[in-house]
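Please read the structure below before turning to the comments.
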Amino acid sequence: MFHRKCRSQFYPRTNKTVLRIQVPDEKVPWNIKWEEYNPATFTASHIDRQPWADPVITDSNFHPQWNKADGNINRKSYMGEYQIVDLFPLNPVGRTGLRGRGVLGRWGPNHAADPIVTRWKRDESLKVELNPDTRKPILQFVAIQRRDTGEWAIPGGMVDPGEMITSTLKREFMEEALNVLESDTAEREKSKAMIDKFFDEGEEIYRGYVDDPRNTDNAWMETVAVNFHDDSGTSVGQFPLCAGDDAVNVHWMDISRDLALYASHSDFIAKVVAKHNSHW
Ligand code: RP5
Ligand code: MG
Ligand code: MG
């Protein structure tokens, strides 16, 4: 595992006011000595005292159970045991050029879930379209445009304390791609019934670290990405999409190797392509 997006010069959502030390590729691993390494510390003030966020690490009432299920907060990493150095958990992939939590709520792993909803691209007569070069069928996935960075992404989100990942996958898809937070009760019930049925069978694609631009030396994203495929294009493949919550746009996006998505989402999509032997 390697990270790149969380080493870019400016920390996201800070109007270019928070800068990372530039970490060269070869100095990412912690076991490579770098004595002068002394990055800035940044924790966004708006996460202060938020119910979904940890307190400052020195808070006398804060007794995190690192590397464990800590009450209903999962502080275990999919990457194995992470180190604690001078009170602070250490990013398991390596240096990011910034200390603190940035805009992330949790010290250590911040757990998310990513629903990758796919269907075949079809022409007007509903025939599956092949790419003229590779002669392979073209897969499409439900992509949202993120409000924070403007990038296109999988409609994933954070796992709430105590929440099952299967529930996060459905909830985030319904919030960001179907806008259930703003639909009336009847519509919401209809979406929920459809999603409950369709999300019953998914295939896990990836479980682990995400190269998210928000990561720091002491806080990072991890996810479980699951593929839900509508092979006949008759269930979710026909459902009207509507962007909601932290998504500003949503659509069925053609999948190819040219995709430039948020964080390491293109890597997850590539794994879905391998599974379906579709065009890339
Ligand atoms: C990414 O951030 C995950 O892969 C997931 O898609 C997303 C979760 O964060 P929010 O969308 O809630 O900001 O690292
Ligand atoms: Mg969300
Ligand atoms: Mg989200």
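The values are calculated or read from the model by the stated rules, or taken from the named source; none is laboratory data. Bear in mind that the values here come from a model prediction, so they are computed numbers and not experimental data. FYI the Cβ positions are ideal-geometry reconstructions off the backbone, even for glycines, and counts take in every protein chain you see. Keep in mind that these areas ignore ligands, DNA and RNA; they rest on the heavy atoms of the full protein, side chains included. Shrake-Rupley method; radii C 1.70, N 1.55, O 1.52, S 1.80 Å.
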Point to revise | Under-5 Å amide H pairs with ALA112, H placed in peptide plane, nonlocal only | key: VAL159, GLU222, THR223, VAL224
Study note, to complete from the structure: Percent relative contact order for the chain, counting Cα pairs under 8 Å at least six residues apart, stands at 24
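Based on the mean of other beta carbon atoms within 10 Å per residue, what is the order of 78-84, 8-14, most packed first?
Values: 78-84: 13.6, 8-14: 15.7.
Descending mean neighbour count gives 8-14, 78-84.
Counting pairs of alpha carbon atoms under 8 Å apart in space and at least six apart in sequence, what relative contact order in percent does segment 122-164 give? The partial results should precede the final answer.
Working: 27 pairs, mean separation 8.4, N = 43.
Once divided by the residue count of segment 122-164, the mean separation gives 20 percent.
Nearest-5 percent of antiparallel DSSP beta bridges in the chain? Could the numbers behind the result be given before it?
Details: 28 of 42 bridges.
Around 65 percent antiparallel, to the nearest 5.
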Revision key, fill the gap. Whole-Hz Karplus couplings 3J(HN,Hα) for segment 109-118, θ = phi - 60° and coefficients 6.51, -1.76, 1.60, Gly and Pro as x, run x, 10, 8, 10, 9, 10, x, 9, 9, 10
Review point. Tilt of helix 165-177 relative to the longest C-alpha principal axis of the chain, in degrees (0 to 90, nearest 10)?
Key: 70
Exercise for review: Return one whole number: the accessible area per residue of the chain in Å², for a 1.4 Å probe.
Suggested key: 50
Review point. For segment 149-157, in order, what is each residue's ³J(HN,Hα) by Karplus, 6.51 cos²θ - 1.76 cosθ + 1.60 with θ = phi - 60°, in whole Hz (x at glycine and Pro)?
Key: 10, x, 7, 7, 7, 6, x, x, x
Revision key, fill the gap. Residues meeting the amide H criterion for ALA40 (H placed from the backbone, H to H distance under 5 Å, 5 or more places apart or on another chain) are ILE21, ARG99
Exercise for review: Take each of the peptides 235-246, 162-173, average the number of other beta-carbon atoms within 10 Å over its residues, and list them starting from the highest.
Suggested key: 162-173, 235-246
Exercise for review: Let me know the shape class of segment 1-131, please: from the alpha-carbon gyration tensor, a ≥ b ≥ c as square roots of the eigenvalues, rounded when a/c is under 1.5, otherwise prolate if a/b is greater than b/c, or oblate.
Suggested key: prolate
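Rounded, prolate or oblate for the chain? Axes are the square roots of the Cα gyration tensor eigenvalues, ordered a ≥ b ≥ c, and the cut-off for rounded is a/c under 1.5. Working shown, then result.
On the way: a/c = 2.14, a/b = 1.57, b/c = 1.36.
The shape class here is prolate.
Note down the relative contact order for segment 1-94 as a percent, whole number, built from C-alpha pairs under 8 angstrom at least six residues apart.
Working: 65 pairs, mean separation 19.0, N = 94.
Relative contact order of segment 1-94: 20 percent.
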Point to revise | Cβ-Cβ FRET estimate between ALA193 and ARG122, R0 fixed at 25 Å, reported to 0.05 | key: 0.50
Point to revise | Spatial separation of Cα centroids for segment 1-53 and segment 97-144, in angstrom | key: 25
Review point. Got a sec to turn the phi values of segment 120-130 into Karplus ³J(HN,Hα) couplings, 6.51 cos²θ - 1.76 cosθ + 1.60 with θ = phi - 60°, whole Hz, x for Gly and Pro?
Key: 7, 6, 10, 8, 4, 8, 6, 7, 5, 7, 9
Revision key, fill the gap. Which residues qualify? For HIS229, with a placed amide H closer than 5 Å and at least 5 residues away or on another chain, they are THR118
